[in-house]
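A quick write-up on the structure given underneath.
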Amino acid sequence: MASKSTVPYSSRAASHPHPVAKKLFRIADSKRSNLIISADFTDTESLLKCADELGPYIAVFKTHVDIIHDFSDKTVSGLKELAAKHDFLIFEDRKFVDIGTTVQKQYHGGALRISEWADIVNVSLLGGDGVVDALEQVISDETFPYRNERGLLLLAEMTTAGSLAVGEYTQRCVDVARRTGMGGAVIGFVAMRSLGPAGLDPSLADEDFVIFTTGVNGSKSGNVLGQRYQTPAAAVGGGSDFIIAGRGIYSAEDRVQAAKQYQEEGWAAYEARISM
């Protein structure tokens, strides 16, 4: 959102109506970080070690919990303890896409207990708007222990070559977000660029939906599996509020130093943007 992208995180934290977005912007401002680590580990020990090592430098820790072969209470308690210790949010990259009743069971309950520990989850609209309504119903229920303390991101775009998340589909994500309103469960989008006046929809000028951008890598343009990358500076300059990096950090010889570098580059690009 071009009109909001030049507003400091501190101001957005003060004015945003959603508790999760407010906390997200507060964390980013206090830690001088708009970095999200995509922690694609397959065992609990490695996952928690990464969260502890990189926690001081990130705003959000992103998981794919269904690839963790030894998922247990230790995984859940460990993530929650480290999030509190290092002051970051947890984003489960689940991409909910099923019918409403199934998604409610996948999110709230089941083996992975996602609603207990993930501050943010993302949703695909390939199956229609009902998935958003179903999750919002859970999040806003008076009996839900974390009522209104959970946020949704709509998967508006993807970084893979040949993605069908373009055009009419992306616009539909914008329309659904606007329908739920700024105080609803949807706090923003996973997208490769601004979806506001400088991007897809000029009508988003006054609405502060957050943009998470995946596929951020400082040194590569893509990989053999069709992933397309952009640098931290390019992503933030294009309207991203938070940059998601994975292998470029956790596969580095010194991943703490790599995380610091991405943090610094992302923050420098943010400061340049708000000074415009």
Checked against (1) part of a strand (DSSP E or B); (2) open to solvent by 10 Å² or more (accessible area, probe 1.4 Å), VAL7 satisfies every condition except (1)
So SER15, is it free of Cβ contacts under 8 Å to residues at least 60 places away in the same chain and of a type in the set (Ser, Thr, Tyr): no
Return the residue satisfying two criteria in turn: it lies in region 157-183 and is hydrophobic (A, V, I, L, M, F, W, C) and at pLDDT below 90, and of such residues it is least open to solvent (accessible area, probe 1.4 Å). ALA165
Selection status of TYR146, buried (at least 21 other Cβ atoms within 10 Å of the Cβ) and among the aromatic types (Phe, Trp, Tyr): no
Could you check region 247-256 and list, in sequence order, the residues that are at pLDDT below 95 and open to solvent by less than 30 Å² (accessible area, probe 1.4 Å)? GLY248
Quick check on my filter: what residues within region 135-166 are part of a loop (DSSP other than H, G, I, E, B), of a type in the set (Asp, Glu) and out of contact with any Pro (no Cβ under 8 Å at 6 or more places or on another chain)? ASP141, GLU142, GLU157
Going by what's in this entry, would ASP241 be described as touching a His at 6+ places or on another chain (Cβ under 8 Å) and either at pLDDT 90 or above or not aromatic (Phe, Trp, Tyr) (or both)? no
Which one is farthest from VAL60 (Cα to Cα) among residues in region 133-152 that are of a type in the set (Asp, Glu) and within 21 Å of the chain's Cα centre (by Cα)? ASP133
May I ask you to list the residues in region 257-266 that are crowded, with 17+ Cβ neighbours inside 10 Å, more than 19 Å from GLY215 (Cβ to Cβ) and not charged (D, E, K, R)? none
Among the residues of region 225-267, what is the count of those that are part of a helix (DSSP H, G or I), more than 19 Å from SER11 (Cβ to Cβ) and of a type outside the set (Val, Ile, Thr)? 18
So VAL132 fits all but one of (1) in contact (Cβ under 8 Å) with a residue 40 or more places away in the chain; (2) not in a helix (DSSP H, G or I); what number is the exception? (2)
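Each row is one residue, and each column tells you yes or no for (1) of a type in the set (S, T, N, Q); (2) closer than 27 Å to LYS49 by Cβ; (3) over 20 Å from the mean Cα position of the chain (by Cα).
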| residue | (1), (2), (3) |
| --- | --- |
| SER72 | yes, yes, yes |
| SER124 | yes, no, no |
| VAL131 | no, no, no |
| SER163 | yes, no, no |
| VAL176 | no, no, no |
Among the residues of region 84-137, which ones are surrounded by 19 or more Cβ atoms within 10 Å (Cβ to Cβ) and of a type in the set (Ser, Thr, Tyr)? TYR107, SER115, SER124
What are the pairs with Cβ atoms under 9 angstrom where one residue, in region 230-257, is within 16 Å of LYS4 (Cβ to Cβ) and the other, located anywhere, is acidic (Asp, Glu) and in a helix (DSSP H, G or I)? Sequence gap at least six, or different chains. VAL236/GLU265
Among the residues of region 21-64, write down those that are surrounded by fewer than 19 Cβ atoms within 10 Å (Cβ to Cβ), of a type in the set (S, T, N, Q) and not in a helix (DSSP H, G or I). THR42
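The values are calculated or read from the model by the stated rules, or taken from the named source; none is laboratory data. Every value quoted in this text rests on a predicted model; they were computed, and no experiment measured them. Note that we place each Cβ from the backbone using ideal geometry, even for glycine, and neighbour counts take in every protein chain shown. Side chains included, ligands, DNA and RNA excluded: accessible areas come from the protein's heavy atoms. Shrake-Rupley method; radii C 1.70, N 1.55, O 1.52, S 1.80 Å.
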